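Working notes, structure below.
The numbers here are math on the coordinates, done by the rules we state, and not lab data. What you see is a predicted model, and the numbers here were worked out from it, not measured in a lab. Quick reminder, even Gly has a Cβ in these numbers, built from the backbone with ideal geometry, and neighbours come from all protein chains shown.
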Amino acid sequence: MMNNQVYSKIDIETMYSSNVAEISIPSTIKYAIVGNDVDDRCCSSNSYLSSNYELYSINYDAERFMINFNGKDIDADDFTKRIKEFKFGEYEVLIDCTSVNVPELLLFIGALYENGVSGFSALYVEPKNYSHLQKIEIGNERKFELSDSYLGYKGIPGYLLSLDTGDYVAFCCGYEHERIMNAFDYESISSKYATMIFGMPPFNAGWDMNAYESHINFIDNQSIRNISYCGSTNPLAVIKKLDEMYQSLQGEEKLFVAPLGTKPMSLGACLFIVVSRDRERVALLYDHPIKKPGRSKDIGTWHLYNISLL
């Protein structure tokens, strides 16, 4: 059993509104970290941020293990050291979780934390509608096509471990059940040690059934019995659940976190991995999807997370 709780080291102040002008971004914020525009909400978020802050773009190349930060390629192994050169201060940085992908989110938060920056903000814009929904009548399964392809479950420097059959895997579930199917096909995962975490409550009423019904056949076929629920916009709930799993590890057991659900859930997963600082027992499991352009339509609620790490 672990004694050092991760959950107690993370504090998150949350605000939300249908209008970005009604959420109070800290006056100390100077810089915004952004990714690529792939849909309406990314465009809206980046447009707002570019009008108010100095932008830094970030993109991770999973095949070359390189990060393009502000137009310059940096080896992922050197990223923490190189970030120090930018001299980001406490509560000066806002990360646009809407456009920044999971690997970049993990690597950038980790670099901040290791350089002593423990306070920053994160912004997220919900989609109003998702695109590319198909209804498959067999077994009442729902299918979303939100990605063009997947690069596969490739490790990220600093957050990579060997997954063995008796290790625990926590899947934060989204709409694409193929992503979890692929993990079971190519990794040594036992259904007994797999936990599926669904976003409940969802962004909108009924959307939880989109995720659940996308996975229901897979859950039955694999006889997965460990099902959990965390709020789709609540990073702290995800952190608490992952911390419970982490505290229960025994012997040489490891915990792999697969953030395949909503971005706020992924934010929680990344914060947990970084703050745990347990590189021998906690790792990321991620398949690097190529997002389909226009995967969502219109803009929903804006969320602001002011984060303090101990």
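General observations
- Our coupling estimate for the range 178-189, obtained by passing each phi through the Karplus curve with A = 6.51, B = -1.76, C = 1.60 and θ = phi - 60°, is 4, 5, 6, 4, 4, 4, 5, 6, 10, 10, 8, 10 Hz, Gly and Pro reported as x.
- Distant-in-sequence amide H partners of Lys292 (H built 1.01 Å from N, under 5 Å): Ser147, Asp148
- Fully extended contour minus Cα-Cα distance, from Glu280 to Ser51, at 0.36 nm per residue: 78.2 nm
- Ranking of Asp77, Asp278 by neighbouring Cβ atoms within 10 Å, starting from the fewest: Asp77, Asp278.
- Additional length obtainable on full extension of the chain from Ser149 to Glu253, 0.36 nm per residue less Cα span: 34.3 nm
- Full extension of the segment from Asp37 to Leu160, taken as 0.36 nm per residue of separation minus the current Cα-Cα distance, would add 41.5 nm.
- In the chain, the DSSP-assigned H stretches of four residues or longer account for a calculated mean residue ellipticity at 222 nm of -8500 deg cm²/dmol, using -39500 (n - 2.57) per stretch and the full residue count as denominator.
- Among the listed pairs Lys30/Lys263; Lys154/Lys263; Lys192/Lys292; Lys9/Lys254; Lys81/Lys297; Lys240/Lys291, a Cα-Cα separation exceeding 27 Å is found for Lys192/Lys292; Lys81/Lys297; Lys240/Lys291.
- Rounded to 5, the percent of DSSP beta bridges in the range 150-291 classed as antiparallel: 5
- DSSP bridge orientation in the chain - percent antiparallel, rounded to nearest 5: 55
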